[in-house]
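The values are calculated or read from the model by the stated rules, or taken from the named source; none is laboratory data. Being a predicted model, the structure only gives us computed values, none of them experimental. Neighbour counts run over all protein chains shown; Cβ positions are idealised from the backbone, glycine included.
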Amino acid sequence: MEPTDQTIKMNKPYTILISLIVALGGFLLGFDSAVISGAVKGITIYFEMTEWMLGFAVGCVVFGAMAGNLVAGPLADKFGRKNVLIVVAALFTISATWSAFATGYTEFIIARIIGGIGIGGAILIAPIYIAEIAPPKLRGSLVSFNQLNIVIGISVAYFSNYFLVNMEGESWRWMLGVEAIPAAIYFLALWTVPRSPRWLILKLNKVKLAQKILQKIGGDQYAEITIAEIQRGVAKKEQKGKLSDLFQNKYATIMIIALGIAFFQQITGINAIFYYAPTIFEQAGGSTDSSFLQAIVVGLTNLVFTLVAIWLIDKLGRKPLLLIGTTFMTIALIMASLAFNNATYDFNDTTLDKMGNPEIKSALADLNGRSFDGQAALFTEVESKLNSDQFLDFKRNQITNFIQVNATLVLIAILLYVASFAISLGPVMWTLFSEVFPSKIKGIAISAVGFFNSLVSFSVTQVFPWELSNLGPTVTFAIYAILSFCAILFVYKFVVETKGKTLEEVEELLIR
């Protein structure tokens, strides 16, 4: 029986406060993910990175997240959601401090992986905690607080990078180290939130303690109804879920939905955009300052449309938002691909004078007056005139001096893509994850699917610098557009609506 009686008066401010504190983990996740975008050039020079070393330095945080995904669910089931989140906050603090002071490539990677473990825990456990403490009619919006905090963290990271980029010395250290401040605040704030009532009943059988927490949320009647609902779910359980349970036929529908959404959320390139936003805008011919400013606009767009998603998710529903979002993501990626496809590369006195490497400038001087219609033809001509180190420098640092592209169209395409993601795959995936898994397998299932999501994300961020240099932005964005179109088809065929249903009702709907 769902607690919908009009006599029940929910204590919304208290529930919202708890959710916001827990969702601060999302802020750190977003900040940690985006802050590296501003440090890319600095760490590349300081640690003398190749393309693949850079890809791993950026993507290793996701590599750590996979480890966090594997252990977070089982640990949260055993020790409680709150305790795991406190450890997560400590990991963020250690990672930010250590990465800022790192003096070697290996040391830097280890520090970033520690932060990744924190990300893996925060991204899984915060939504679970909020879903378990939130009333059904508020659950979609409150769980989306986590995604909201992620995008706020991304936006703050872009702002922070912009103001720190011109600091004297190694500005990248300040960019990475400033995260330690909100991480320490999160660590302290978590001690003030209660433990999950569902976890208290399911794992410790502390009904009275759970009742006190639920009474603060919605009063005596709400607590009574919710405890009865939880105990009805407890009565159905035979034993703790195992990894092998995920392959049972009765969970097939759930796993298809979860794995599919986890795959398409990352394979369509969102973290490539967030991690390399300034790099992409420099590819479109922008200066360093303008590319950092455009990254801020990306972050703010992400924030605004995440707020739109929170407003719509419990009104319009999960599936409609996914269909709308993936459709416009596909359109945006096609626009970006076409914009770069129509770009030209012009060699003249002005563009040659912009080059920072005099040896490369001298070697390419005889191209003065020529124009190339595509990156492939350009690379073929330039490669014949440079040695391997010079050619790598040209692809990574000099090519932006020569490109003539509709930069406005590129910016519009990126903003449309980010806005579409922010109302769909961003917040909706984590809401669905918190809803579709039955209590028996929730811990192990969300860890397994989160691991898969992080694995896909790591693959995308690892390969992206190589794609941009070797395939070019036209082909790169075209690949993402095709995958985004596949996401539309998947959502239409497989995803079911969970709006307004209790967790127990969702379980009964999906297990048949």
Of the candidates Met53, Met49, Met66, the one satisfying the condition of being touching a residue at least 40 places away in the same chain (Cβ under 8 Å) and outside any helix (DSSP H, G or I) is Met49
Some residue of the range 81-92 being assigned by TED's automatic domain parsing to the domain that holds Gly153, among the β-branched types (Val, Ile, Thr), surrounded by 23 or more Cβ atoms within 10 Å (Cβ to Cβ) and within 20 Å of Ile16 (Cα to Cα): no
Take the conditions out of contact with any Ser or Thr (no Cβ under 7 Å at 6 or more places or on another chain) and touching a residue at least 40 places away in the same chain (Cβ under 8 Å) and apply them to Arg112. Does it pass? no
Could you please tell me which pairs satisfy a Cβ distance under 9 Å, a separation of 6+ or placement on different chains, a first residue in the range 201-228 that is touching a residue at least 60 places away in the same chain (Cβ under 8 Å) and outside the structural domain of Leu17 (by TED's automatic domain parsing), and a second residue that is surrounded by fewer than 17 Cβ atoms within 10 Å (Cβ to Cβ) and among the aromatic types (Phe, Trp, Tyr)? Lys216/Tyr14; Ile217/Tyr14
Looking only at the range 312-326, decide whether some residue is surrounded by fewer than 17 Cβ atoms within 10 Å (Cβ to Cβ), over 28 Å from the mean Cα position of the chain (by Cα) and in a loop (DSSP other than H, G, I, E, B). no
If Asn83 meets every condition in (1) among the polar types (S, T, N, Q); (2) farther than 24 Å from Val460 by Cα; (3) in contact with an Asp or Glu (Cβ under 9 Å, 6 or more places away or on another chain) apart from one, which number is that one? (3)
For the range 383-499, which fully contained helices (runs of 4 or more DSSP H) count at least 3 residues that are surrounded by 21 or more Cβ atoms within 10 Å (Cβ to Cβ) and at pLDDT below 85? 425-436, 442-466
Hey, Ala339 surrounded by 19 or more Cβ atoms within 10 Å (Cβ to Cβ), over 30 Å from Lys493 (Cβ atoms) and at pLDDT 85 or above or not: yes
Leu503 is checked against (1) modelled with pLDDT of 75 or more; (2) surrounded by 21 or more Cβ atoms within 10 Å (Cβ to Cβ); (3) not aromatic (Phe, Trp, Tyr) and fails just one. What number does that condition carry? (1)
Restricting to the range 152-188, give me the number of residues that are acidic (Asp, Glu) and touching a residue at least 12 places away in the same chain (Cβ under 8 Å). 2
Checking Ser37 against (1) farther than 30 Å from Arg232 by Cβ; (2) polar (S, T, N, Q); (3) at pLDDT 80 or above, only one condition comes out false. Which one? (3)
Examine the range 259-272 for a residue that is within 19 Å of the chain's Cα centre (by Cα), outside any helix (DSSP H, G or I), buried (at least 20 other Cβ atoms within 10 Å of the Cβ) and modelled with pLDDT of 70 or more, and state whether such a residue exists. yes
Filter the range 126-152 down to the residues that are at pLDDT below 80 and of a type in the set (Val, Ile, Thr) and list them by number. Val143, Val151
